[in-house]
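A short worksheet on the structure shown next.
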Amino acid sequence: MRGWFLPLAVAFGFIFLYAPIISLVVFSFNESRLVTVWGGFSTRWYGELLRDRQILGSAWISLQVAFASATLATVVGTLGAFVLTRFSSFTGRLLLTGMITAPLVMPEVITGLSLLLLFVSMELTLGWPAGRGLTTIIIAHTTFCSAFVAVIAQSRLRSMDESLEEAARDLGAGPVRVFFDVTLPVIAPALVAGWLLAFTLSLDDLVIASFVSGPGASTLPMVIFSKVRLGVSPDINALATIIIGFVLVAVLIAGWLMRRALRKGG
């Protein structure tokens, strides 16, 4: 039984995960406007997609928001992780720990609603931000992405050999120089991983962006969701196929670089 059960379970798992993706890619080349009826091979919907200004504009907005949010979240998350790992006891440590980890378990609906109320209150009292738009989306995404970066950076800082920092301080380096010359290069791979995770989370977010966005600042997930509510169109399949292609190429390049690094190390 063990001889055939494991291959069967693996095959079923792969089919369950990737059969919908494969069908989406296949129907992106469908000539028919009906996504469930095959009308012949065609690339017409990729051309339609490239002429859709709404899709292209929202994709550019999503990339801007994801890049800015991931960068800010990496800075904020790294600082928070450094404080929690290098300072054993200080007033408010428990509160800071809870505030950093809360976005990980907080429902996105609650996070989005809370940020919306915050932005409305700030606009009434301070006059900033003036309405909801690109700035509020970036701030909101930075808020919840910082928690993920902090967890990754914190785990790397805890596993780091602190004697390297102590040796640098013994040689006369100040705290700032120790961080940039010793600590930062060591934890750099973890920060890159945190940045990529934050970029992906921001690019994929729909719920929070729906609460804090405004006219002229619709992200790609928001536009796709609004289109899908009226029925799935073939150009959405084409868009999803392009995104899958980019992800596949990125994974292949990353795997090739890892294998190359392992060969050099060996």
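Once you put a point 7 Å from the Cα of residue 207 and another 7 Å from the Cα of residue 34, both along the Cβ direction, what distance in nm separates them?
That separation, rounded to one decimal, is 3.6 nm.
Can you list which of the DSSP-assigned H helices in the chain have a Cα extent of 30 Å or more along the long axis and an average Kyte-Doolittle score of at least 1.0?
On the way: long enough: 2-27 (37 Å, 1.89); 53-86 (49 Å, 1.11); 134-159 (37 Å, 1.09); 234-265 (46 Å, 1.22).
Those that pass (Cα extent of 30 Å or more, hydropathy at least 1.0) are 2-27, 53-86, 134-159, 234-265.
May I ask you to give the percent of accessible area on region 53-264 that is carbon plus sulfur, with a probe radius of 1.4 Å? Please report the intermediate quantities before stating the final value.
Values: 8790 of 12280 Å².
Carbon and sulfur atoms account for 72 percent of the accessible area of region 53-264.
So what does residue 180 come to for accessible area, using a 1.4 Å probe and Å² rounded to 10?
120 Å²
Largest first, how would 219, 85, 125, 97 line up by accessible area (1.4 Å probe)? Don't skip to the answer; put the middle values down first.
Details: 219 5, 85 30, 125 110, 97 50 Å².
Sorted by accessible area, descending: 125, 97, 85, 219.
Add -39500 (n - 2.57) for each DSSP H run of 4 or more in the chain, then divide by its residues: what number comes out at 222 nm, to the nearest 500 deg cm²/dmol?
Values: 12 runs with 204 residues, N = 266.
Taking each H run of at least 4 residues, the total per residue is -25500 deg cm²/dmol.
Please identify every one of the GluC sites (Glu not before Pro) in region 161-215 that sits in a loop by DSSP and has no more than 14 other beta carbons within 10 Å of its own beta carbon. The partial results should precede the final answer.
Working: sites: 162, 165, 166; in loops: 162.
Answer in residue order: 162.
In whole Å, what is the distance between the alpha-carbon centres of region 32-99 and region 213-266?
Taking the Cα centre of region 213-266 as reference, the centre of region 32-99 is 10 Å away.
Near the amide H of residue 219, under 5 Å away, which other amide H atoms are found, from residues 5 or more places off or on another chain, if H is placed in the peptide plane?
When sequence neighbours closer than 5 places are left aside, there are no close amide H contacts.
Given a 1.4 Å probe and heavy atoms of the protein chains only, how would you sort 201, 50, largest accessible area at the top?
Values: 201 50, 50 120 Å².
These residues rank, largest area first, as 50, 201.
Rounded to the nearest whole Å², what accessible area per residue is found for the chain with the 1.4 Å probe? Write down the numbers at each step before the final one.
Working: 16560 Å² over 266 residues.
Here the per-residue accessible area is 62 Å².
Would you tally the net charge around residue 222, using a Cβ to Cβ cut-off of less than 14 Å, leaving residue 222 out, and scoring K and R as +1, D and E as -1? The partial results should precede the final answer.
Values: positive: 132, 227, 229; negative: 108, 204, 205.
It works out to a net charge of 0.
Of all the C-alpha pairs in region 53-264, what % are more than 23 Å from each other? Please report the intermediate quantities before stating the final value.
On the way: 12717 of 22366 pairs.
Of all Cα-Cα distances in region 53-264, 57 percent exceed 23 Å.
Please say if region 1-42 is rounded, prolate or oblate, where rounded means a/c under 1.5 for a ≥ b ≥ c the square roots of the C-alpha gyration tensor eigenvalues, and otherwise the choice is prolate for a/b larger than b/c and oblate otherwise?
Details: a/c = 4.83, a/b = 4.28, b/c = 1.13.
Prolate, because a/c is 1.5 or more and a/b exceeds b/c.
The values are calculated or read from the model by the stated rules, or taken from the named source; none is laboratory data. Only a predicted model underlies this, so the values are computations on that prediction, with no experimental measurement involved. In this analysis, Cβ positions are derived from the backbone assuming ideal geometry, glycine residues included, and neighbour counts consider all displayed protein chains. Keep in mind that these areas ignore ligands, DNA and RNA; they rest on the heavy atoms of the full protein, side chains included. Shrake-Rupley method; radii C 1.70, N 1.55, O 1.52, S 1.80 Å.
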